[in-house]
């Protein structure tokens with residue numbers, strides 16, 4: 001895809017990927033509603049295939065490519081959920097899925113990519129080394145690069161999530177999503193605003209990785225320098241394609257502290273009995289900090305993923 | 001109620017409690033289905049009010065009592081999920097809910113009972129002291145004792161869970177539930193066998209608290225001496241009322257090791273992204289140990305609860 005998707009393209013994307021992904025449930029909690037004075041609806045993409053919404057974008061990007069485009073397979077450089085999602089999508093398409101990972105990536109991430117059938121190439125843990133390794137694989141195999149977020153097909157796939165939310169809950173006032181590279185937020189904003197023009201869409205990010213906030217303030221995409229946050233999925237900077245949409249569609253970016261992220265994560269585990277990863281707790285952290293006016297509103301919150309190292313939990317600071 | 005409930009009484013119980021409890025979702029996992037060679041359906045009572053199926057039985061017992069019976073309120077001695085469930089049910093009914101707890105009960109349990117509006121009386125941490133304290137409250141206030149499991153109304157309420165399972169999934173071959181006092185298993189067996197005579201119902205318990213297994217083997221209810229298990233909800237012995245049903249209705253009791261319980265609990269967290277407590281992991285532990293022939297079968301597993309101390313997880317042995 002060469003330009004930003006329309007709502008009908010996002011709808012077609014959902015038809016294509018539907019056999020391969022879950023229609024995830026939407027949960028709510030009377031306890032959290034009371035605490036925050038709003039009606040909160042949690043879209044559980046932590047229950048999605050590979051444990052994150054990333055299954056949507058990667059699957060659509062791989063399945064919508066032409067045979068010629070993916071004849072040599074697909075490749076990406078990522079140590080996160082997109083890597084597992086792309087590996088899985090390549091298996092569905094029946095082509096090789098090459099994943100470039102830093103050689104210091106957590107063992108649990110490597111195992112996940114291998115479990116889903118990915119072919120791992122290790123490299124030094126720098127962006128330059130990752131890009132070089134991916135370029136080398138492209139040159140040698142003809143594999144198509146599927147960028148984790150700066151890719152219109154990936155953005156289109158991520159937009160399928162909010163379609164399901166608004167089908168089930170057409171009268172939402174507001175949607176909250178975490179923002180890292182911006183794929184999820186961009187797909188969400190395009191689909192949600194087209195389905196319901198009056199709906200508000202907010203992106204939430206850690207204060208220690210606040211490039212989206214600074215970019216929206218200045219109107220110019222700002223770099224993400226030395227991000228410092230436990231929310232490992234949100235350390236990347238907003239992509240060019242994402243920002244070209246978000247700067248005009250987003251109702252705002254809210255930043256949250258590390259302490260609030262941990263509070264929100266633990267609260268979700270304790271009250272809702274579901275496992276979410278730190279990046280996924282960021283929208284609820286904005287409510288913990290009372291940074292959004294949600295009083296009396298119906299608020300959709302996209303729970304982005306649930307891949308956590310259960311041996312090292314963020315509230316166990318002595319570990 | 002003076003005798004074991006019929007299916008229609010369990011159906012009426014569900015009508016009565018429906019406004020006050022969740023119809024919990026049923027989740028499945030392609031990963032676990034592959035691992036165990038069966039179709040597994042997990043009924044998520046960890047998402048139930050108060051975080052456990054206990055909300056069903058306590059709510060029915062309190063709401064179905066006559067005004068005269070509960071004029072002085074209700075009382076129980078429990079430090080677990082029944083305590084929170086009874087406290088909540090008393091608030092719904094508008095009567096005092098007295099909870100006798102050992103003075104060494106975990107802080108998180110006390111807080112839970114207080115949050116749900118329970119009136120706590122502390123006592124020494126022995127069964128004799130608990131029974132004496134409850135008897136004293138009964139004598140002083142006229143409160144009705146609502147036993148956690150040896151009570152037909154409580155058993156009737158617990159039976160409402162499997163109604164929902166079999167409505168959604170009428171073609172199950174087998175139901176698995178954990179067994180402690182036996183309230184859940186008994187309500188489940190009565191309802192399931194009445195709805196579908198050919199269905200198998202198995203109870204699973206820790207090998208370190210195997211009174212149900214020994215009772216079924218001998219045909220005589222055996223005492224639970226010095227239970228040793230991480231599954232704190234299953235340390236009680238099977239009740240008299242429960243055993244009077246189970247000895248003729250149950251297809252078997254399976255015991256599992258502590259190691260398997262921890263493996264099954266962690267597997268559920270990692271794969272399904274949901275929080276279950278150790279007692280709740282016991283049925284899956286039977287599959288981990290390959291102690292039940294589930295090959296190719298459709299198996300309902302009741303996930304009993306999700307109340308866990310997140311600071312002390314069982315796989316973190318150094319904590």
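The values are calculated or read from the model by the stated rules, or taken from the named source; none is laboratory data. This structure is a prediction, so every number in the text was calculated from the model and none was measured. Here Cβ is always computed from backbone atoms with ideal geometry, including for glycine, and neighbour counts include all displayed protein chains.
The listed residues are B:87, B:38, B:30, B:52, and the only one of them that is within 14 Å of chain A (Cβ to nearest Cβ) and over 24 Å from residue B:190 (Cα atoms) turns out to be B:30. Assessment of the range A:74-91 against the conditions (at pLDDT 95 or above, out of contact with any strand residue (DSSP E or B) (no Cβ under 9 Å at 6 or more places or on another chain), under 18 Å from residue A:17 (Cα atoms) and surrounded by fewer than 21 Cβ atoms within 10 Å (Cβ to Cβ)) yields no matching residue. Among the residues making up the range B:267-280, those that are facing chain A (nearest Cβ under 9 Å), at negative phi and in a loop (DSSP other than H, G, I, E, B) are B:275, B:276.
Taking the conditions exactly as written (under 13 Å from residue B:178 (Cβ atoms) and modelled with pLDDT of 95 or more), does residue B:245 satisfy them or not? No. Of the set (1) closer than 21 Å to residue B:288 by Cα; (2) more than 14 Å from every other protein chain (Cβ to nearest Cβ); (3) surrounded by 22 or more Cβ atoms within 10 Å (Cβ to Cβ), all apply to residue B:264 but (2). Residue B:283 meets all of the listed conditions (1) in contact (Cβ under 8 Å) with a residue 60 or more places away in the chain; (2) more than 14 Å from chain A (Cβ to nearest Cβ); (3) closer than 23 Å to residue A:273 by Cα; (4) not in a helix (DSSP H, G or I) but one, namely (4). Restricting B:37, B:51 to residues that are over 18 Å from residue B:118 (Cα atoms) and in contact (Cβ under 8 Å) with a residue 60 or more places away in the chain narrows the list to B:37. Residues of the range B:165-192 that are in a helix (DSSP H, G or I) and surrounded by fewer than 21 Cβ atoms within 10 Å (Cβ to Cβ): B:166, B:167, B:168.
Kindly provide the set of residues from the range A:211-236 that are surrounded by fewer than 22 Cβ atoms within 10 Å (Cβ to Cβ) and under 24 Å from residue A:265 (Cβ atoms), ordered by number. Answer for the range A:211-236, where residues must be surrounded by fewer than 22 Cβ atoms within 10 Å (Cβ to Cβ) and under 24 Å from residue A:265 (Cβ atoms): A:213, A:224, A:226, A:227, A:228, A:230, A:232, A:235.
Scanning the range A:14-28 for residues being part of a helix (DSSP H, G or I) and within 17 Å of the chain's Cα centre (by Cα) gives a total of 2.
The set of residues in the range A:286-319 that are touching a residue at least 40 places away in the same chain (Cβ under 8 Å), within 14 Å of another protein chain (Cβ to nearest Cβ) and surrounded by fewer than 23 Cβ atoms within 10 Å (Cβ to Cβ) comprises A:309, A:314, A:315.
Within the range B:219-233, at least one residue is modelled with pLDDT under 95 and either assigned to a helix (DSSP H, G or I) or within 14 Å of chain A (Cβ to nearest Cβ) (or both). Only residues that are farther than 16 Å from residue B:183 by Cα and in contact with a helix residue (DSSP H, G or I) (Cβ under 6 Å, 6 or more places away or on another chain) were counted in the range B:248-265, giving 9. In the set A:146, A:120, only one residue is touching a residue at least 60 places away in the same chain (Cβ under 8 Å), surrounded by 14 or more Cβ atoms within 10 Å (Cβ to Cβ) and closer than 16 Å to residue A:87 by Cα; that residue is A:146. Listed conditions (1) more than 30 Å from residue B:46 (Cβ to Cβ); (2) in contact (Cβ under 8 Å) with a residue 60 or more places away in the chain are all met by residue A:66, apart from (2).
Residue A:125 meets the conditions (1) in contact with a helix residue (DSSP H, G or I) (Cβ under 9 Å, 6 or more places away or on another chain); (2) part of a loop (DSSP other than H, G, I, E, B) in every case but one. The failed one is (1).
Which condition does residue A:236 not pass, out of (1) under 19 Å from the mean Cα position of the chain (by Cα); (2) at pLDDT 95 or above; (3) more than 14 Å from chain B (Cβ to nearest Cβ); (4) under 24 Å from residue A:215 (Cα atoms), if it passes all the others? Failing condition for residue A:236: (2).
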